[in-house]
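Bear in mind these aren't lab numbers, they're just calculated from the coordinates by the rules spelled out. All of these numbers come straight from a predicted model, not from anything done at the bench. Positions of Cβ are generated from backbone atoms using ideal geometry, with glycine treated the same way; all protein chains shown enter the neighbour counts.
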Amino acid sequence: MMELHDIVQMSSSASSGFELVANNLSFPTGFSFDDTGAAYVAESGLPFGGAPAGGRILRLTNGGERELVATKLRAPVNGVTWYRGGIYVSEGGHPGRISRFEPDGRQTVILDNLPGPGNYHTNMVAFGPDAKLYFSQGAMTNTGIVGLDAYEIGWLRRLPHAHDVPGFDVTLAGFSAETDDPVRGGPLRAVTGAFSPFGTAAGAGTRIKKSVPCTAAVMRCDIDGSHLELVAWGLRNAYGLGFLADGRLLATDQGADDRGSRPLGDVPDLLHVVKEGAWYGWPDYIGNIPVTHGRFTPERGAPPAFVLADHSELPPPEGAVLEFPAHCGALKFTVVPGEETTEEDLIVALFGDERPMVAPAGPRAGRGLARVRLRDWSIRSFLAGPLHRPIDVAFRQEENALYVLDFGEFEMGEDCRVIARPGTGRLCRICLRTFERLSTAGG
């Protein structure tokens, strides 16, 4: 058990409307309240800045104590969800895994051997009105091809790594990327195709069979892990996942970057209503807009070509209900009361850009909260506040308050090296009325 002084009720930021609930967290990624109001917080376990490797789950009690529930988890731990007396934890480490932990720390593995390692990971869990466990699996690559950009990603920095696995049967158009070959070294060159290992070409007409589990997808299973099945494919990295009261499933999707063997420029983050059996466009569309559209022309490479040859055989790509600004890092969200009692809004955590890894130098984006009106899928307002990198948010109706989880100090250096400081993550609280008063108008 940790010392009581590690839990703080107020801070100097209180004058701006934020109350500091807990500090000294190292790169936390998610939290969830149990039936008593105690919060379970997931620390990612990423060893940035000398932080200890291995994820942890902490319980923050109403009495102001911290209890260690689980440790040495496969980093990065990407989510924790309380459901029916236990916590469901998503480990993005290799391989990915989803487990249920009892409050006393007993573990039951629900799913194991999920895809990885790669650019993105096994993400958070959400439970549907059908009592099934839903989760998203991020893409192994930026846009379908394993490339040298793997060395720029602070949590990966490795080749070879896993390639993507499609959720539908696909036929390749034959696009391959030629790069240096650091695996074999010397003057040799590597030619890499889509959905293929690094250094493996894939000719036009190559047919790749679907598989479950797959990448860039939302999947579901029974609460015990049985009957794993695909819900929808083509969401590049649906880090935030949740259900509305009417049963609709929403997902935030992080847009592709201007990096690697198939870069894309100025791609927005997206908000989707997830429909069963649908295709959400990745790796050839941004929602329902083709990557060949001029708005996505990159600065770091040639204009992109399609990697799939059989678009007409796939479901029509679904458009997004909302585009967030490019590189704003739209992640997890919560539902709050809207302007009228019959309406709902979303509060979305905007983690922010990771330049220069994701794109050339440019203005900062994100690092705050956005309020989205569900009535017309518009951004009503923004709030920055005293936040480094907001990553998760939850609304507690009985308090009329938002709880915001801050990942902590985290930036990219000019050489794409991570500059981060452990112990700077925080859990904060702000009254919803204060949020409304301090917010600035959205677009």
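Take peptides 261-274, 234-247, 359-372, 290-303 and line them up by average Cβ neighbours within 10 Å, highest first, as a rough protection proxy.
Numbers: 261-274: 23.3, 234-247: 21.4, 359-372: 18.6, 290-303: 14.9.
Result, highest mean Cβ count within 10 Å first: 261-274, 234-247, 359-372, 290-303.
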Answer in debye to the nearest 20: the dipole magnitude of the chain about its Cα centre, from +1 Lys/Arg and -1 Asp/Glu charges placed on Cβ, is 560
Residue-normalised 222 nm signal for the chain, counting each DSSP H run of n ≥ 4 as -39,500 (n - 2.57), nearest 500 deg cm²/dmol, is -500 deg cm²/dmol
Non-local residues with an amide H under 5 Å from the amide H of A384, with H modelled 1.01 Å from N and Pro and chain starts lacking one, are L369
Excluding near-sequence neighbours (fewer than 8 apart on one chain), the chain holds lysine pairs with C-alpha atoms under 23 Å apart numbering 6
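If R0 is 30 Å, what FRET efficiency do you get for R184 and E411 from their C-beta distance, rounded to 0.05? Spell out each step's value before the answer.
On the way: r = 34 Å, r/R0 = 1.13.
According to the calculation, E is roughly 0.35.
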Interchain or sequence-distant (5+) residues whose placed amide H lies within less than 5 Å of the amide H of T122 are G138
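Given charges of +1 on the Cβ of Lys and Arg and -1 on the Cβ of Asp and Glu, with all other atoms neutral, how large is the dipole of the range 305-357 about its Cα centre, in debye to the nearest 20? Don't skip to the end; give the middle numbers.
Values: 2 positive and 11 negative charges, 69 e Å.
It works out to roughly 340 debye.
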In order over the range 391-402: 3J(HN,Hα) from phi, Karplus 6.51/-1.76/1.60, θ = phi - 60°, whole Hz, x for each Gly or Pro, gives 10, 8, 8, 9, 9, 10, 4, 5, 9, 6, 9, 9
A correct Karplus calculation of ³J(HN,Hα) over the range 123-131, with 6.51 cos²θ - 1.76 cosθ + 1.60, θ = phi - 60°, whole Hz and x for Gly and Pro, returns 9, 5, 9, 9, 9, x, x, 8, 6
The alpha-carbon center of the range 53-129 and that of the range 239-280 are separated, in whole Å, by 22
Once amide hydrogens are built 1.01 Å from N within the peptide plane, the residues lying 5 or more places from G30 or on another chain with amide H under 5 Å from its amide H are A42
Once phi for every residue in the range 259-269 is put through the Karplus expression 6.51 cos²θ - 1.76 cosθ + 1.60 (θ = phi - 60°), the whole-Hz ³J(HN,Hα) values, with Gly and Pro written as x, are 7, x, 6, 9, x, 10, x, 6, 8, x, 6
Farthest towards the positive end of the dipole of the range 4-344, among S176, F306, I98 and with Cβ unit charges of +1 on Lys and Arg and -1 on Asp and Glu, lies the Cα of S176
